[in-house]
Amino acid sequence: MIRLATSDDIASLKEIYAHGRAFIKSYQSPQWQNNYPSDALINDDIAKNALYVYIYDNQIVGVMTVLDDEPTYDYIEGDWLSHKPYKVVHRIATHKDYYQRGIAAKLLDYVYSDLGAISIRIDTHELNVPMQKMLIKNGFSYCGIIYLNTIEDRKRLAYQKDI
């Protein structure tokens, strides 16, 4: 089951994000370090009804943020697959006990099946090879490089999937 997150879910969300940070750090990527996502960002995603959780056996095992727009995607070194209206997926993560079980794929499928997306755009750090492999495996195409506005390590690999 996938549903919107609530403030009651914060402890579980923080645990999953901590797993994500540790996993990303294990291959020397600076992505998500320094306690990202912050408590303020988690609360903001919940307040915007943008944070979704995947429930399995009465436990939160996956999480993602879904937005309707991403200003940093206005410029890309490369080319998007299309310029259809799109959803953006950020901060997608899985509980460490559920790695390699297709949770991320199920979350992404939900964006199409239940949120009505006809296109999804997503980005990741160039050192986040596991994420890149998951995206390709799930039908996403590499489109080019985008640059985040908010942090020093700004370069990200951008992907898109249309249906």
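Output the residue which, of all residues in the range 36-64 that are polar (S, T, N, Q) and either closer than 22 Å to Leu108 by Cβ or surrounded by fewer than 12 Cβ atoms within 10 Å (Cβ to Cβ) (or both), is farthest from the chain's Cα centre (by Cα).
Here the residue is Asn58.
Among the candidates Ile118, Ile122, single out the residue that is surrounded by 20 or more Cβ atoms within 10 Å (Cβ to Cβ), under 28 Å from Tyr75 (Cα atoms) and not charged (D, E, K, R).
Exactly one residue qualifies, and that residue is Ile122.
Given the criterion of a type in the set (Gly, Ala, Ser), free of Cβ contacts under 8 Å to residues at least 24 places away in the same chain and touching a strand residue (DSSP E or B) at 6+ places or on another chain (Cβ under 9 Å), identify the matching residue among Ala11, Ala50.
One residue alone meets the criteria, Ala50.
Within the range 126-154, track down each residue that is crowded, with 19+ Cβ neighbours inside 10 Å and within 21 Å of Val63 (Cβ to Cβ).
Within the range 126-154, Asn128, Met131, Met134, Leu135, Phe140 meet the criteria.
Read through the list (1) surrounded by 13 or more Cβ atoms within 10 Å (Cβ to Cβ); (2) out of contact with any Ser or Thr (no Cβ under 8 Å at 6 or more places or on another chain); (3) modelled with pLDDT under 95, then give the number of the only condition that Tyr75 fails.
With (1) surrounded by 13 or more Cβ atoms within 10 Å (Cβ to Cβ); (2) out of contact with any Ser or Thr (no Cβ under 8 Å at 6 or more places or on another chain); (3) modelled with pLDDT under 95 applied to Tyr75, the lone miss is (1).
The values are calculated or read from the model by the stated rules, or taken from the named source; none is laboratory data. These figures come from a predicted structure and were not determined experimentally. Glycine also receives a Cβ, built like all others from the backbone with ideal geometry; neighbour counts cover every protein chain displayed.
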